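The block underneath contains the structure these notes are about, expressed in structure tokens.
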Ligand SMILES: [Zn+2]
């Protein structure tokens with residue numbers, strides 16, 4: 001008689017890590033205590049949450065993850081093929097806490113160039129922050145494609161010129177939460193804040209999925 005492996009014996013589908021696709025062993029302490037995680041202990045530890053608090057133009061901002069190679073490749077994977085499973089890896093652990101913290105806010109996503117979204121058929125920033133279950137208003141649009149990584153600092157300063165308000169309604173009854181996936185120089189976020197300020201919201205806060213270490 002041949003000994004069957006646990007997964008065969010129990011007839012349960014084998015759990016596979018959503019990040020590295022390796023089988024998740026049931027016997028590690030991590031997987032006994034993080035049954036809902038669906039990522040292996042190694043990957044879980046590699047995505048470094050830092051909940052870093054900082055300020056953008058005097059407004060409170062929080063970044064959830066440190067933007068490193070692991071987070072970068074996860075984001076790339078997420079942008080390339082919209083994947084709810086991956087979204088869960090990013091947010092599931094604390095979506096409740098974030099929904100409560102930002103209760104009463106209206107989410108405004110930092111825009112990407114529309115044609116990019118059309119190719120992709122979804123906007124990853126919008127999809128990502130839907131998990132907060134807050135009302136969302138796309139108040140800002142990007143009118144021209146600018147590649148952050150290749151642009152010079154001079155060009156970056158001009159980013160604001162390519163961002164426009166899509167709606168000029170007064171926001172004095174609203175608290176606004178500006179959201180984005182990656183925060184590097186902050187120039188795009190600052191340009192968005194300046195646009196939103198024109199609509200006089202009660203409050204502005206910033207939430208980003210990840211931020212580079214500097215500053
Ligand atoms: Zn893994």
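Per-residue answers, yes or no, for (1) modelled with pLDDT under 80; (2) surrounded by 14 or more Cβ atoms within 10 Å (Cβ to Cβ):
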{"residue": "1", "(1), (2)": "yes, no"}
{"residue": "11", "(1), (2)": "yes, no"}
{"residue": "31", "(1), (2)": "yes, yes"}
{"residue": "51", "(1), (2)": "no, no"}
{"residue": "69", "(1), (2)": "no, no"}
{"residue": "76", "(1), (2)": "no, no"}
{"residue": "82", "(1), (2)": "yes, yes"}
{"residue": "86", "(1), (2)": "yes, yes"}
{"residue": "93", "(1), (2)": "yes, yes"}
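Just to check your reading of the model, which residue among 203, 142 is in contact with a strand residue (DSSP E or B) (Cβ under 7 Å, 6 or more places away or on another chain) and at pLDDT below 90?
Within the list 203, 142, the selection yields 142.
Matching residues to (1) more than 22 Å from the chain's Cα centre (by Cα); (2) crowded, with 16+ Cβ neighbours inside 10 Å; (3) at pLDDT 90 or above:
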| position | (1), (2), (3) |
| --- | --- |
| 147 | no, no, no |
| 169 | yes, no, yes |
| 179 | no, yes, yes |
| 189 | no, yes, yes |
| 213 | no, no, no |
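The values are calculated or read from the model by the stated rules, or taken from the named source; none is laboratory data. Just so it is clear, the structure is predicted and the values come from calculations on it, not from any experiment. Cβ coordinates were reconstructed from backbone atoms using ideal geometry, including for glycine residues, and neighbour counts include every protein chain displayed.
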